[in-house]
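Asker: Pasting a structure here, questions to come.
The values are calculated or read from the model by the stated rules, or taken from the named source; none is laboratory data. The structure displayed is predicted, hence computed values, not measured ones. Because the Cβ atoms are built from the backbone with ideal geometry, glycine has one as well, and the counts that use them run over all protein chains shown.
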Amino acid sequence: MDAIYLTILLMLLLATIGLVLGIDRIGEDR
Amino acid sequence: MDATTKFALLAVLILGAVIACARPLGKYIADVMEGRNTFASRIGGPLERLIYRLCGTDPSREMTWSHYAIALLVFNLLGALVVYGLQRLQPWLPLNPQHLAGVSADSSFNTAVAFVTNTDWQGYSGESTMSYLTQMAGLTVQNYLSAATGLAVALVLIRGFIRHCADRVGNFWVDITRASLYLLLPLSIVLALALASQGVIQNLDSYKTATTIEKLTFDNPKTDADGSPLKDDKGNAVTEPATTQAQTLPMGPVASQESIKELGTNGGGFFNANSAHPYENPTTLSNVLEIAAIFLIPFALTYAFGRMVGDSRQGWALMVAMLVLFAVLAATAFVSEQTGNPLFAQNGVDSQATSMQSGGNMEGKETRFGIAASALFAAATTATSCGAVNGMHDSMMPMGGFVPLFLMQLGELTPGGVGTGIYTILLFAILGVFIAGLMIGRTPEYLGKKIEAREMKLASIFILTTPMVVLVGTAIGVVTLGGQAGVSNPGAHGFSEILYAFTSAGNNNGSAFAGLSANTEFYNLGLGIAMWLGRFWPIVAALAIGGSLASKKRIPVTEGTMPTHGPLFITLLIGTILLIGVLNYVPALALGPVVEHFMLFQGR
């Protein structure tokens, strides 16, 4: 069970970092 | 003195004291966060520099907004891992005099996310679940760090307005160190001592057993040979009648957690009953102090903002908008609760306020606080991102319950949480000047910065993320068996319970309607995801806007610039906040508290 919840936590972090990088990319295209 | 006068006096007393503190505290916050030489920095400077040296941080090295965001996210993930680990490993760790078992994986996940996101949603009961080490080293530490994180994000957005053609927005490690060391820690020590003077406990003792005067008969759950609860064919617990005269009194380091719980707008109680528990909030004075502490930093930040941008009128304008919205909604909650249940009168029950009784709706409220102080606390805790409760919101009248829901759904900006309130209302201000710009055909600008397409796209991410999390989460809760299983009331009230849970999680409030059994795998996982997305996606958008504004030129004020410190702007800002809140949530509110209100007054 620990592995499942820790993986979910990691996925949430990666999704949020993905948002950071995505927004940063929009800035470069501007 | 009638009940309405009592409520008005209490609100004026508390808000008056908080507003009187806003100027000196706001100036102090601006000074310490901008690194000016102050009395506090002369005392704390050596410790601050030691922290940087131990952590290998160069305080003069600033970050771009994206580096700042990634540092913030990784730091918060590490915090979540520590809280998760402490809960799982607590049977083998010290400071566990009750020998409490390890917390389940799903509940540990939920609680870890709840405390790093400043939500402090509690699906567990503190006194029967958490060791003292988990409470102190896990939950209390996050109470400081999550509040400091919110303040750090607000600083980046404010720097966006101050800086001119800059690509750096500050240093995350410096910002959270200064916020914790110079602001949260000193204020918490003072408040903890004040609360302890009122009877809030502070010890590491094992729980005490008292002998009650009367015998208590209760249904005792039966267990099998392994200690697991027995259930019948329908899945209900099998019980047997039992009698006792023994009452267990939980102990713990409560005052130190209670103070930052309010000052950091966290809201996670040491005990299950939160600030309704006499060891957390024993007296009328402690209740007043706790409400004032919830408001203290968020209101002071409006003055700090005005001072940092060089025009204190800008901060006062935001404060007035916050106060107007809060006053109207808090008064609505009070009137609704004092009016009480109309069906009582039909059945011959006198619920009028007299010198002998409070009247109104006292269900779920503490008699030592009464209706006025309970309604004000409920409004204060949801107008900020606090989430502490001194009464049960599930027992409020339909429109009384509507107020906490709507205050959260407006985005918790009246005055909002530590840092989160000021950056949220600034986002609405940006949206407001954009709408005004569209109406008069000029390029919108705010505090000398042009508001363009990029800022509006980011503001859209900020404003739409939370309603999406709340409404999609509620929809899933309503249609799935896992979601329905936690509801204790059928119909509109049951819908409100699910809506409230996702509203509280998505807006990082943490208060509960109290009628929902939320310590299930469905709610622990669903609300955990809602809390993370509702916290960090808007934070990323706010940081990106801060970075975008900092990179722009400051343009001079001209005759064509819309003033953003007068009544016109305040009205525009209030209108924008209400418009967004109403458009997002009215359909959901209509299915919950609004329909329940009309059914009640039709006698159904």
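Asker: Which of (1) more than 30 Å from residue B:116 (Cα to Cα); (2) surrounded by fewer than 20 Cβ atoms within 10 Å (Cβ to Cβ); (3) of a type outside the set (Phe, Trp, Tyr) does residue B:521 not meet, given it meets every other one?
Answerer: Condition (1) is where residue B:521 drops out.
Asker: I'm told residue B:310 meets every condition in (1) over 30 Å from residue B:401 (Cα atoms); (2) in contact with a strand residue (DSSP E or B) (Cβ under 8 Å, 6 or more places away or on another chain) except one. Can you identify the failing condition by its number?
Answerer: Failed condition: (2).
Asker: Taking the stated definitions as given, is residue B:112 within 14 Å of chain A (Cβ to nearest Cβ), assigned to a helix (DSSP H, G or I), within 24 Å of residue B:204 (Cα to Cα) and not hydroxyl-bearing (Ser, Thr, Tyr)?
Answerer: yes
Asker: Return the total of residues in the stretch A:3-30 being at pLDDT 95 or above, within 7 Å of another protein chain (Cβ to nearest Cβ) and either more than 12 Å from the chain's Cα centre (by Cα) or loosely packed, with under 12 Cβ neighbours inside 10 Å (or both).
Answerer: Selection size over the stretch A:3-30: 1.
Asker: For residues in the stretch B:68-82 being without any contact (Cβ under 8 Å) to a residue 60 or more places away in the chain and surrounded by fewer than 23 Cβ atoms within 10 Å (Cβ to Cβ), which is farthest from the other protein chains (Cβ to nearest Cβ)?
Answerer: B:82
Asker: For the stretch B:29-58, enumerate the residues that are in contact (Cβ under 8 Å) with a residue 60 or more places away in the chain and outside any loop (DSSP other than H, G, I, E, B).
Answerer: B:29, B:30, B:32, B:33, B:40, B:41, B:44, B:47, B:48, B:51, B:52, B:55
Asker: Being surrounded by fewer than 24 Cβ atoms within 10 Å (Cβ to Cβ) and either touching a residue at least 40 places away in the same chain (Cβ under 8 Å) or within 14 Å of another protein chain (Cβ to nearest Cβ) (or both) narrows it down to one of B:515, B:510, so name that one.
Answerer: B:515
Asker: So which residues in the stretch B:447-458 are in a helix (DSSP H, G or I) and away from chain A (no Cβ under 12 Å), if there are any at all?
Answerer: Answer for the stretch B:447-458, where residues must be in a helix (DSSP H, G or I) and away from chain A (no Cβ under 12 Å): just B:456.
Asker: OK, next. Going through B:486, B:477, B:473 one at a time, which residue ends up being at pLDDT below 95 and away from chain A (no Cβ under 14 Å)?
Answerer: The conditions single out B:486.
Asker: Kindly list, by first and then second residue, each pair from a residue in the stretch B:552-577 that is under 16 Å from residue B:440 (Cα atoms) to a residue that is outside any helix (DSSP H, G or I) and of a type in the set (Lys, Arg), limited to pairs with Cβ atoms under 7 Å and residues at least 6 apart or on different chains.
Answerer: Pairs that qualify, where the first residue is under 16 Å from residue B:440 (Cα atoms) and the partner is outside any helix (DSSP H, G or I) and of a type in the set (Lys, Arg), are B:560/B:442.
Asker: I would also like to ask the following. Could you check the stretch B:37-66 and list, in sequence order, the residues that are in contact with a helix residue (DSSP H, G or I) (Cβ under 8 Å, 6 or more places away or on another chain), within 22 Å of residue B:308 (Cβ to Cβ) and not small (Gly, Ala, Ser)?
Answerer: Selection gives B:38, B:48, B:59, B:63, B:64, B:65.
Asker: Of the conditions (1) more than 11 Å from every other protein chain (Cβ to nearest Cβ); (2) of a type outside the set (Ser, Thr, Tyr); (3) over 28 Å from residue B:301 (Cβ atoms); (4) crowded, with 22+ Cβ neighbours inside 10 Å, residue B:97 fails just one. Which one is it?
Answerer: Status for residue B:97: all satisfied but (4).
Quick grid of which residues meet (1) in contact (Cβ under 8 Å) with a residue 40 or more places away in the chain; (2) crowded, with 18+ Cβ neighbours inside 10 Å; (3) under 22 Å from residue B:322 (Cα atoms):
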position	(1), (2), (3)
B:232	no, no, no
B:250	yes, yes, no
B:253	yes, yes, no
B:277	no, yes, no
B:294	yes, yes, yes
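Asker: Could you count how many residues in the stretch B:367-392 are at positive phi and either more than 11 Å from the chain's Cα centre (by Cα) or surrounded by fewer than 24 Cβ atoms within 10 Å (Cβ to Cβ) (or both)?
Answerer: Here the count works out to 1.
Asker: Suppose the filter is over 30 Å from residue B:106 (Cβ atoms) and either among the hydrophobic types (A, V, I, L, M, F, W, C) or out of contact with any Pro (no Cβ under 6 Å at 6 or more places or on another chain) (or both); does residue B:192 pass it?
Answerer: It is true that residue B:192 is over 30 Å from residue B:106 (Cβ atoms) and either among the hydrophobic types (A, V, I, L, M, F, W, C) or out of contact with any Pro (no Cβ under 6 Å at 6 or more places or on another chain) (or both).
This table checks each residue for (1) under 23 Å from the mean Cα position of the chain (by Cα); (2) assigned to a loop (DSSP other than H, G, I, E, B).
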{"site": "B:461", "(1), (2)": "yes, no"}
{"site": "B:492", "(1), (2)": "no, no"}
{"site": "B:503", "(1), (2)": "yes, no"}
{"site": "B:511", "(1), (2)": "yes, yes"}
{"site": "B:524", "(1), (2)": "yes, no"}
{"site": "B:535", "(1), (2)": "yes, no"}
{"site": "B:540", "(1), (2)": "yes, no"}
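Asker: Go through (1) in a helix (DSSP H, G or I); (2) farther than 30 Å from residue B:520 by Cα one by one and return the number of the condition residue B:79 breaks.
Answerer: Unmet condition: (2).
Asker: Next question, about the same structure. Being within 14 Å of chain A (Cβ to nearest Cβ), in a helix (DSSP H, G or I) and out of contact with any Ser or Thr (no Cβ under 8 Å at 6 or more places or on another chain) is true for just one of B:545, B:580, B:574, B:570. Which residue is that?
Answerer: B:545
Asker: Still on this structure, please answer the following. Have a look at B:592, B:581 and point out the one that is surrounded by 13 or more Cβ atoms within 10 Å (Cβ to Cβ) and in contact with an Asp or Glu (Cβ under 9 Å, 6 or more places away or on another chain).
Answerer: Selected residue: B:592, the only one of B:592, B:581 that is surrounded by 13 or more Cβ atoms within 10 Å (Cβ to Cβ) and in contact with an Asp or Glu (Cβ under 9 Å, 6 or more places away or on another chain).
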